[in-house]
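Scroll down for the structure; my scribbles are underneath it.
The values are calculated or read from the model by the stated rules, or taken from the named source; none is laboratory data. Given the structure is predicted, the values throughout are model-derived calculations rather than measurements. Neighbour counts run over all protein chains shown; Cβ positions are idealised from the backbone, glycine included. To get the accessible areas, we keep the full protein, side chains included, count just its heavy atoms, and leave off ligands, DNA and RNA. Shrake-Rupley method; radii C 1.70, N 1.55, O 1.52, S 1.80 Å.
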Amino acid sequence: MILGQNQYGKAETRVVRVTRDGSVHHIRDLSVSVALSGDMTEVHLSGSNAAVLTTDTTKNTVFAFAKEHGVDSPEEFGIHLARHFVTSQETLHTARIRLAEYGWDRIATPGPEQHSFVRRGQGTRTAQVSYDGTAWQVLSGVEDLVVLNTTGSEFRGYLTDRYTTLPETTDRVLATEVRARWRHHDGTAPAGGWDRSHAQVCDHLLQAFAGTYSRSLQQTLYAMGSRVLEHCAGIDEIRLSLPNKHHFLVDLAPFGLKNDHEVYFAADRPYGLIEATVLREGATPAIPTD
Ligand SMILES: O=c1[nH]c(=O)c2[nH]c(=O)[nH]c2[nH]1
């Protein structure tokens, strides 16, 4: 028997960092998952824990780093953690830090105190930082970003066989829940910073979704990915996973009513799942496909 790939660490540490600027407070809210790999044969085979930095310690490090370094951005926080684990223990060779950020918007209040927030409903920001002591990989991303076009979408001209029942449509609702991850060239920070870059990419994704006349969700996906690569020079690769959130026109004829693209049944499953990577020419694909 041979021990194959293995990794360990504390998953989904929820850390909320409040920064107090007098009576004006700022908040960053993260879920941080640490996965470490290295000389871990003995812990699996003989039960010696001598090479293991405990998952409890990795959780504590997340909290301590939130205090000591603050949270500038998920990417920057992940870089601090990955560098720390790989450079502080000889037995740890690689670190992969996954982060999800839950956004909070300020609730505008009349007085000088600014300490009230409302959870942002628009997508969850994600990041993944990997470091092996030499090379950095930084992926930024977004998930749960739900978007819908009420027209400007058709689907026809597809293959048919004896099992095909789907009618062709020249006007349908197109809706999806965007999951996107994009890779920064050499793990390098964007010129305007991680936060600005993230906001720009999300805006390009939304503009491409809204602005593309869609002959398929596949075509929309490619338009979204290529718009990001066209506008963001530091991004080499983007992977999109787009569930087709089907909206079926309801047959109102039994009630003597005409349905002129007004009433839809929003089915939640099954759903088509359209996934692809869009790459800059010459780039090597490195974003995992799962
Ligand atoms: O945009 C679409 N792509 C498909 O591949 C597909 N398949 C399907 O049934 N509906 C759709 N819609």
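List the aspartates and glutamates whose alpha-carbon lies under 14 Å from that of K10, not counting same-chain residues fewer than 8 positions away?
Leaving aside aspartates and glutamates fewer than 8 places away in the same chain, those within reach of K10 are D56.
Let me know the longest stretch in the chain that avoids all GluC sites (Glu not before Pro) found in a DSSP loop with at most 12 other C-beta atoms within 10 Å.
Segment 169-261 is the longest.
Find, among the trypsin sites (Lys or Arg not before Pro) in the stretch 188-268, those assigned to loop by DSSP (not H, G, I, E, B) with at most 16 other beta-carbon atoms within 10 angstrom. Please report the intermediate quantities before stating the final value.
On the way: sites: R196, R215, R227, R239, K245, K258; in loops: R215, K245, K258.
Those that pass, being in a loop and sparsely packed, are R215, K258.
For the residue pair Y271 and T284, what label-to-label distance in nm results when each label sits 7 Å from Cα along the Cα-to-beta-carbon direction?
3.4
Evaluate the relative contact order of the chain (contact order divided by residue number), counting alpha-carbon pairs under 8 angstrom at least 6 apart; express in whole percent.
Answer for the chain is 13 percent.
Given the Cα atoms of the stretch 137-290, and with Rh set as the inverse mean 1/r over their pairs in the Kirkwood sense, what is Rg to Rh to two decimals?
Reported Rg/Rh, Kirkwood definition of Rh: 1.05.
Let me know the charge dipole size of the chain about its Cα centre in debye, to the nearest 20, where only the beta-carbon of Lys, Arg (+1) and Asp, Glu (-1) is charged.
300
DSSP loop (so not H, G, I, E, B), at most 13 other Cβ within 10 Å: list which trypsin sites (Lys or Arg not before Pro) in the stretch 160-190 pass both filters.
Passing sites in the stretch 160-190 are R162.
What are the lysines whose alpha-carbon lies under 30 Å from the alpha-carbon of K258, with same-chain residues fewer than 8 places away excluded?
Within reach: K245.
Enter the accessible area of H246 (Å², nearest 10), with the probe set to 1.4 Å and all protein chains included.
Looks like 50 Å² after rounding.
In whole angstrom, how long is each semi-axis of the equivalent ellipsoid of the stretch 1-129, when you take the square root of 5 times every eigenvalue of its Cα gyration tensor and sort them from largest down?
36, 14, 10
Would you mind calculating the gained length between T160 and R120 on full extension (0.36 nm times residue separation, minus the Cα-Cα distance), in nm to one decimal?
Gain on stretching T160 to R120: 10.1 nm.
Relative contact order for the stretch 155-259 using alpha-carbon pairs under 8 Å, separation at least 6, rounded to a whole percent?
About 37 percent, as a whole number.
Just to verify a number: what accessible area does Y213 come out at with the full protein assembly present, 1.4 Å probe, Å² rounded to tens?
For Y213, solvent-accessible area is about 100 Å².
So if I average 1/r over every pair of distinct C-alpha atoms in the stretch 128-178 and take the inverse, what Kirkwood radius in Å does that give? Kindly include the intermediate steps, with their values, before the conclusion.
On the way: mean 1/r = 0.0667 Å⁻¹.
Taking the inverse mean of 1/r over all distinct Cα pairs, the stretch 128-178 comes out at 15.0 Å.
Report, to two decimal places, the Cα Rg of the chain normalised by 2.2 N^0.38 Å (N = number of residues).
1.21
First measure r as the distance between the Cβ atoms of T55 and I2, then evaluate 1/(1 + (r/R0)^6) with R0 = 30 Å and state the FRET efficiency to the nearest 0.05.
It comes out at approximately 0.80.
Can you give the angle from 0 to 90° between the axis of helix 194-211 and the longest principal axis of the chain, with both taken from C-alpha atoms, to the nearest 10?
Long axis of 194-211 versus the principal axis of the chain: about 10 degrees.
Using the alpha-carbon atoms, what tilt in degrees (0 to 90, nearest 10) does helix 55-69 show relative to the longest principal axis of the chain?
Computed tilt is about 90 degrees.
Once you order the gyration tensor axes a ≥ b ≥ c over the Cα atoms, which shape class does the stretch 77-134 get: rounded for a/c under 1.5, otherwise prolate or oblate by comparing a/b with b/c?
prolate
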